[in-house]
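Participant: Quick one: the structure is below, and I'll ask about it shortly.
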Amino acid sequence: MANERILVIEDEEDILELVRYNLEKEGFSASGFATGEEGLRSALNKVPDLALVDLMLPGIDGLEVCRQLKREPLTAKVPVIIFSAKGDEPDIVSGLEIGADDYITKPFSPRILLARVRAVLRRRASLPVSADTPLRF
């Protein structure tokens, strides 16, 4: 796990920069966008290895970003971690049910965020290449 491309969609500039800084410090390549529309365009242009998406974004909100990423064949397998100040059970359940791989509530520890990013990427790496790949014993 080195130099994976992480897409960060967060409208609060301070949080966006904090997340990008910590990701890059750990060897990830991070690109950040302030709107869901910009983030989706970027994901379709250069498919990321993982997307970190805030829920409360101007324009297209984070739930819709996640929905569109999972619906688009090019990005359907990109893991999504939602991070949001909305920490009530219905918000978390909604995020996970539309396809997010994890949900982190704000405020969060950068170390916990990085650990969850690594965990999701590990799970993704351990999946078989395709369902048609034969198993060999």
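The values are calculated or read from the model by the stated rules, or taken from the named source; none is laboratory data. This structure is a prediction, so every number in the text was calculated from the model and none was measured. So basically every Cβ, Gly included, is an ideal-geometry build from the backbone, and we count neighbours across all protein chains shown. Just the protein is used for accessible areas: all its heavy atoms, side chains included, with ligands, DNA and RNA removed. Shrake-Rupley method; radii C 1.70, N 1.55, O 1.52, S 1.80 Å.
Participant: What are the residues in the stretch 30-60 that are under 22 Å from Ser109 (Cβ atoms) and outside any loop (DSSP other than H, G, I, E, B), if any?
Facilitator: Within the stretch 30-60, Ala30, Gly32, Leu50, Ala51, Leu52, Val53, Asp54 meet the criteria.
Participant: For the stretch 62-82, give me each residue that is within 16 Å of Leu16 (Cβ to Cβ) and either out of contact with any strand residue (DSSP E or B) (no Cβ under 6 Å at 6 or more places or on another chain) or without any contact (Cβ under 8 Å) to a residue 40 or more places away in the chain (or both).
Facilitator: Here is the first cut: in the stretch 62-82, the residues within 16 Å of Leu16 (Cβ to Cβ) are 62, 65, 81-82.
Answer for the stretch 62-82, where residues must be within 16 Å of Leu16 (Cβ to Cβ) and either out of contact with any strand residue (DSSP E or B) (no Cβ under 6 Å at 6 or more places or on another chain) or without any contact (Cβ under 8 Å) to a residue 40 or more places away in the chain (or both): Ile81, Ile82.
Participant: Hey, another quick one. Go through (1) touching a residue at least 40 places away in the same chain (Cβ under 8 Å); (2) farther than 20 Å from Val117 by Cα; (3) part of a helix (DSSP H, G or I) one by one and return the number of the condition Asn22 breaks.
Facilitator: Answer for Asn22: the failing condition is (2).
Participant: May I ask you to verify whether Ala85 is open to solvent by 20 Å² or more (accessible area, probe 1.4 Å), among the hydrophobic types (A, V, I, L, M, F, W, C) and at pLDDT 95 or above? Break it down stepwise before answering.
Facilitator: Details: open to solvent by 20 Å² or more (accessible area, probe 1.4 Å): yes; among the hydrophobic types (A, V, I, L, M, F, W, C): yes; at pLDDT 95 or above: no.
No.
Participant: Which condition from (1) open to solvent by 70 Å² or more (accessible area, probe 1.4 Å); (2) at pLDDT below 95; (3) not charged (D, E, K, R) is the one that Pro58 breaks?
Facilitator: (1)
Participant: Taking interchain pairs and intrachain pairs at least six residues apart, which have beta carbon atoms under 7 angstrom, with the first residue in the stretch 96-110 and closer than 20 Å to Leu121 by Cβ and the second open to solvent by less than 40 Å² (accessible area, probe 1.4 Å) and outside any strand (DSSP E or B)?
Facilitator: Gly99/Cys66; Ala100/Cys66; Asp101/Pro79; Asp101/Val120; Asp102/Val120; Tyr103/Gly95; Ile104/Leu113; Pro110/Asn22
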